[in-house]
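*Asks:* Quick one: this structure, given as structure tokens, is what I'll be asking you about.
The numbers here are math on the coordinates, done by the rules we state, and not lab data. Predicted, not measured: the structure shown is a model, and the values here were computed from it.
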Amino acid sequence: MPPDEILKKIHEYVYWYYDIDNGYSTHDQEMEIRTEIEAYNKYIHLFDGIPDDIAREIQGYCNHDDNSSWSDTFDLCEDEIEAYKSITSYHDEEIDEITVKRLINAAKTDVTSELSSSEYLYIWDTFQKYLSEIKTIRNISREVEPFRDLLIEMEEIIASECYNGNIQNYSSWGVWDGEGRFFRYPVTFSSPLLEKKERHIPDHLTTDNLILGKYKFGANHLYIYKALIKVIRHMEKKYEISLIDLNKK
């Protein structure tokens, strides 16, 4: 049985939300009181085995007050605890532990910046999304690795054709040579584990990160390497060739 103060709050909550004047019966009230007492009893054992700081953190998310149902509080806290356990015990045969930890930290950072908290249910959902993206990217990477160098060469040709007519242009000896010049448009590499802008593609950049490269035009983004992969696949299909085989020759 809950402490007297908690029991009193439960009765007050039930009598207010299940008021007889609103069509509820005393039987309805008695049933709801029993439900609330049962939920409270389950709630106090919900955090058994959970570190104290994590328990306090999750209880803060649940934000139980006198106007809250213990049933709702229990359900919310239970979901948070299950998400916390899923995060801390996660193991994947395809993804190494270091990458998993980095993805979890990236998910925490994103959730914290958006919600000003670290709610584990949102972290788990975000982590799952990042994990799916990483696995998809790795599958694509294995396919395009044989013509990685070709992708880089093609992208550099495209990027070097950018022109801005408003840029002042001087010759190498400092003489005014008219307006406008060509320049190499930078590639932004953006993923849960990387955010960097490059004007020259570093040799050490992994293929996983390479194919996420994009041109950022304000709010619009063009995933240039993904587009080039589609062009290559289109050429292979249309002309019945294999760039992998040609590359071997």
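*Asks:* Averaged over all directions, how much area does the convex hull of the C-alpha atoms of the chain cover when projected, in nm²?
*Replies:* Projected over every direction and averaged, the Cα hull of the chain covers 24.8 nm².
*Asks:* I'd like the orientation of helix 52-62 relative to the chain: the angle between its Cα long axis and the longest Cα principal axis, in ° from 0 to 90, rounded to 10.
*Replies:* That works out to roughly 90 degrees.
*Asks:* Compute the Rg/Rh shape ratio of segment 1-79: radius of gyration over Kirkwood radius, all on alpha-carbon atoms.
*Replies:* Using Cα coordinates only, the ratio equals 1.02.
*Asks:* How far is helix 97-115 tilted, in degrees, relative to the longest principal axis of the Cα atoms in the chain, given as a value from 0 to 90 rounded to the nearest 10?
*Replies:* So the helix axis and the longest Cα principal axis differ by about 70 degrees.
*Asks:* Another question, then. Grab the DSSP H runs of the chain that are 4 residues or longer, score each as -39,500 (n - 2.57), total them, divide by all residues and round the 222 nm result to the nearest 500 deg cm²/dmol.
*Replies:* Working: 10 runs with 145 residues, N = 249.
Taking each H run of at least 4 residues, the total per residue is -19000 deg cm²/dmol.
*Asks:* Amide H of Gly213 versus every other amide H placed in the peptide plane: which residues, excluding those fewer than 5 positions away on the same chain, fall under 5 Å?
*Replies:* Correct list: Tyr225.
*Asks:* Another question about this same structure. By how many degrees, 0 to 90 and rounded to 10, does the Cα axis of helix 4-17 deviate from the longest principal axis of the chain?
*Replies:* 80
*Asks:* Could I ask something else about it? Given H placed on each backbone N at 1.01 Å, which residues far from Arg181 in sequence or on other chains put an amide H within less than 5 Å of it?
*Replies:* Under 5 Å from the amide H of Arg181 lie the amide H atoms of Asn164, Ile167, each far enough along the sequence or on another chain.
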